[in-house]
Amino acid sequence: MAAAMASHVSTARSPALSFSSSSSSFFPGTTLRRFSAVSLPSPALPRLRVSCQASSVTSPSSTSDAKGKSDLKDFLAIDDFDTATIKKILDKASEVKALLKSGERNYLPFKGKSMSMIFAKPSMRTRVSFETGFFLLGGHALYLGPNDIQMGKREETRDVARVLSRYNDIIMARVFAHQDILDLANYSSVPVVNGLTDHNHPCQIMADALTMIEHIGQVEGTKVVYVGDGNNMVHSWLELASVIPFHFVCACPKGYEPDKERVSKAKQAGLSKIEITNDPKEAVIGADVVYSDVWASMGQKDEAEARRKAFQGFQVDEALMKLAGPKAYFMHCLPAERGVETMIVLKVGITTIFPPTKKSSEKDLNGGTWWDHSDDRFERDLFERPYEVKMRNTHVLPESGYMAPSKINPYYETLGLYDIVSPQAVNTFCDQLDASSNQRETMLEYAKAIDGLAKDLARRLVESYGLVETDYFSGCPSLFRINKYHFKPETVGKPGVQLHTDTGFLTILQDDENVGGLEVMDNSSGTFFPINPLPNTLAINLGDSATIWSNGRLCNVKHRVQCKEATTRISIASFLLGPMDTDLEVPSAFVDVEHPRLYKPISYKGLRQLRITMKLHDGEALKLITHEGLK
């Protein structure tokens, strides 16, 4: 949230800056919603360059080194500012966020201004948030990556600062060594914003503070527990604790504690209760927020294995969140290594929310419950089981269990679970595949929620026809499938799954967000239309049973999956089937003189068996049960 960075990095020549910096993920439970941690500008104030070192206020050693900087203020650390200023920045952030979300695009405080963004240390979120924020507020941002600029190697930092100052109104830098940001600020004649160093990450924590205000109501008086490495994130939490009163606890392994001077400075500020502990279970009790970060940051990957061993017991999982209490939120600054520092199922975005103790329900999914499909490690893990283990996933109904690649669909593999509304069936599925306890819990929650959503959609569809009886499908089972497509260079352009319709009433598809391939056929022209990946979107399509039930008013959807690129593709499908043993009757309201009954009554089992026996998979089976076809 460049909110932080923004507000007070302006001059008479450069208006206040404002955007979101790298953002975080905020999670209360299994209900996931997306929120953006947006930015803020603020009125231009008289500027004084403030160092983030303990000496606090300094002035340039010579006018030639930092010409014209005496009235400028950099954003290098949160505690370079007083409490009132930080609160003003957060208030302004909230105002500008609301303004932008309303669609207002005439607030352009950076019109005609430019900002150079130095990325010695790459980051998707930091770049996108700063660049987008500056653009939305009228400015132009220039990206300078590791190959464009190498401060201290190709060129001295002082020269970089002087040159960029002549061309730009603001400089943002994301660097490794903290001294680089200090030198850049010292020799620059325009405001410098700290986009991250190995010492601190002030914009990130300002974004997190705004997120807390949006979802908890305040930062003051809360308990924030950081679990993991005592790194730059912790240092900026300590900076915030120096200006806003709250209870901050850092739980980390011995030898990985935060900088002692940084801890001492926060305690000396006398505003917040500060604790450093090696016991995460004790630390999280009563927490309002449990916060985590990767155990091995960029530049520490050679230490990754050693750190994994050292950090055993410091993983944020459901068990730890339960100790925190029913109101605790989980936050992660991203990127996250799922299965490492966290086992919480989260949805990556700017900001999302997840209540850990809240169980999924039909209402949850309607509001946003989500399988963490952006990182498909869960699904891939199941498919990586030995063949003999996957074969335990037996068929309750024909083709309802594990299906290996076949002659018809050689690149397609699928695992199936019949009747997902049954906890016993879900547990059997998990037992068959040796699923972990976390995978089991995820499956139970997702199955209940997705089945509830499917039946709610069916009920609403029935209601839309004005029918009095709306529970046609309330007792019908649902089938759950995880699909894997083994696409390679030689399969590009070939079908992953042949053209087909679904047998059931409706299907909810959570498609691969990174790999396309789904195509829908227009029945009249035979033309195929691609359904491109759209994050946070469920695709709903109707099957043969919907066509029968509606007496032809609802059209089953012919679709296929084509290989578009040489990469593995994962999708999750949930099918609301139809009456198993009783016939699917057409409501009398759908039958009249102009609309005679088209199909003979048939059960789902009967229709499915007909399709399999006759090898009719793209809707042709319906022709066999029409009154025309029966003659």
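Taken together, the values in this text are just the output of simple stated rules run on the coordinates, not laboratory data. It should be emphasised that the depicted structure is a prediction, and the values quoted were computed from it without experimental measurement. FYI the Cβ positions are ideal-geometry reconstructions off the backbone, even for glycines, and counts take in every protein chain you see.
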Qualifying residue in segment 274-289 (condition: part of a loop (DSSP other than H, G, I, E, B), touching a residue at least 40 places away in the same chain (Cβ under 8 Å), more than 25 Å from the chain's Cα centre (by Cα) and closer than 20 Å to G221 by Cβ): yes
statement: Residues of segment 152-164 being free of Cβ contacts under 8 Å to residues at least 60 places away in the same chain and either outside any loop (DSSP other than H, G, I, E, B) or not acidic (D, E) (or both), in sequence order, are G152, K153, R154, E155, T157, D159, V160, A161, R162, V163, L164
The listed residue being surrounded by fewer than 20 Cβ atoms within 10 Å (Cβ to Cβ) and either touching a Cys at 6+ places or on another chain (Cβ under 8 Å) or farther than 19 Å from T547 by Cα (or both), out of G517, G493, G466: G493
- request: Take the residues in segment 112-139 that are in a strand (DSSP E or B) and not aliphatic (A, V, I, L, M), then tell me which one is surrounded by the fewest Cβ atoms within 10 Å (Cβ to Cβ).
  value: S114
- request: Kindly indicate the residue of segment 264-273 that is within 10 Å of S242 (Cα to Cα) and in a helix (DSSP H, G or I) and also nearest to the chain's Cα centre (by Cα) among those meeting that condition.
  value: A266
field: Residue check for N483: among the polar types (S, T, N, Q), surrounded by fewer than 23 Cβ atoms within 10 Å (Cβ to Cβ) and assigned to a strand (DSSP E or B)
entry: no
query: Among all residue pairs at least 6 apart or on different chains, which show Cβ distances below 8 Å where the first residue, located in segment 192-212, is farther than 15 Å from L334 by Cα and the second is among the basic types (K, R) and assigned to a helix (DSSP H, G or I)?
result: L210/K97
query: So, in segment 534-546, of the ones that are in contact with a Phe, Trp or Tyr (Cβ under 8 Å, 6 or more places away or on another chain) and more than 16 Å from R460 (Cα to Cα), which residue ends up surrounded by the fewest Cβ atoms within 10 Å (Cβ to Cβ)?
result: N536
- request: Could you name every one of the helices (runs of 4 or more DSSP H) located completely within segment 573-631 that has at least 3 residues being out of contact with any Lys or Arg (no Cβ under 7 Å at 6 or more places or on another chain), free of Cβ contacts under 8 Å to residues at least 40 places away in the same chain and at negative phi?
  value: 604-614
- request: Check F473, F505, F529 and return the single one that is out of contact with any Leu (no Cβ under 8 Å at 6 or more places or on another chain) and of a type outside the set (K, R).
  value: F529
task: Taking the residues in segment 279-322 that are within 23 Å of H201 (Cα to Cα) and of a type in the set (S, T, N, Q) as candidates, determine which candidate is surrounded by the fewest Cβ atoms within 10 Å (Cβ to Cβ).
output: Q300
statement: When restricted to D431, D451, the only residue within 27 Å of the chain's Cα centre (by Cα) and either closer than 28 Å to T567 by Cβ or not in a loop (DSSP other than H, G, I, E, B) (or both) is D451
- line: Expected single match for over 27 Å from the mean Cα position of the chain (by Cα), among the hydrophobic types (A, V, I, L, M, F, W, C), surrounded by fewer than 20 Cβ atoms within 10 Å (Cβ to Cβ) and farther than 20 Å from S123 by Cα among V190, V163 is V163
